[in-house]
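Every number in this text was worked out from the coordinates using simple rules, so none of it is lab data. Since the structure is predicted, the reported quantities are computational estimates derived from the model, not experimental observations. Glycine gets a Cβ as well: all are built from the backbone with ideal geometry, and neighbour counts include every protein chain shown.
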Amino acid sequence: MNVLNIILIALLSCSVSSLQAKEMDISNYNSTGGIWLQKPKFSIKNEELKGYDREAEINFNFDANGQITSTEIIKSTGLIELDNKLIAVVKTGKFKPPKENGVNIPSQLPYRFRFEISRDAKFATEPSIVVKKSDLEGKDRSLNIYLEADDSGKLTKAKITKSSGLTKLNNYVLKEYLEKARFQPLSINGKPYPIKMTKEFNFSLNFAE
């Protein structure tokens, strides 16, 4: 193998929340002596994926000092703006090159990405739950309510999965959601995505009316 064309393969697996991507920790990645001195840091917003999971592969070359000298899109995300952003972010990284006979050598690195759009449902209308101190009967309370909706965002199921210990409080929360809650339709990769959510409530005597 030509020492000037050693290929190191790193896999970056990302999932996107409603705010930004979370990336796999590859700071200790090591192959034929090469390691990251400065990893690229990604901040990809859910909206940038335009409703679809995205994959990409960027091929880049770095010199004997670990500086990236050139990049090439091998597999596009399908969005020019996102491709350009990934290239710009990758260029902020710095690599410690492998050595040949004790000497740093230039190398080539294919860098693979996968970004998944958030599957988290968002409310179009969410009821406001207000409790009084008297409703809590002398102590802090918590409850969970499980919700499902159809493709239009209309609620189809609601049930208490963790009781507050007070039937009246449970029924109040359940009634409010059944009557008033509605979700924004959720589409992933061009298809309706099932809407399911567990909503947690913690009611404190200190903050109750």
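Brief remarks follow.
- 3J(HN,Hα) from dihedral phi, region 135-142, Karplus parametrisation 6.51/-1.76/1.60, rounded to Hz, x for glycine, proline: 5, 8, 6, x, 7, 4, 10, 9
- Straight-distance crosslink candidates among lysines, where the alpha carbon sits under 29 Å from Lys168 and sequence neighbours closer than 8 are dropped: Lys122, Lys132, Lys133, Lys139, Lys154, Lys157, Lys159, Lys180, Lys196, Lys199
- Quotient of C-alpha Rg and 2.2 N^0.38 Å, computed over region 123-203: 1.21
- Interchain or long-range residues, amide H under 5 Å from Lys162's placed H: Asn144
- For region 74-89, 3J(HN,Hα) per residue [Karplus equation, 6.51 cos²θ - 1.76 cosθ + 1.60, θ = phi - 60°, Hz, x = Gly/Pro]: 8, 9, 7, 6, x, 10, 4, 4, 6, 4, 5, 5, 4, 4, 4, 5
- Computed from backbone phi, the HN-Hα couplings of region 158-165 come to 8, 8, 7, 9, 9, 7, 6, x Hz, rounded to whole numbers (Karplus: 6.51 cos²θ - 1.76 cosθ + 1.60, θ = phi - 60°; Gly and Pro given as x).
- 12 Å reach of a label modelled at Thr92, 7 Å along Cα-to-Cβ, counting backbone N of region 38-73: 39-44
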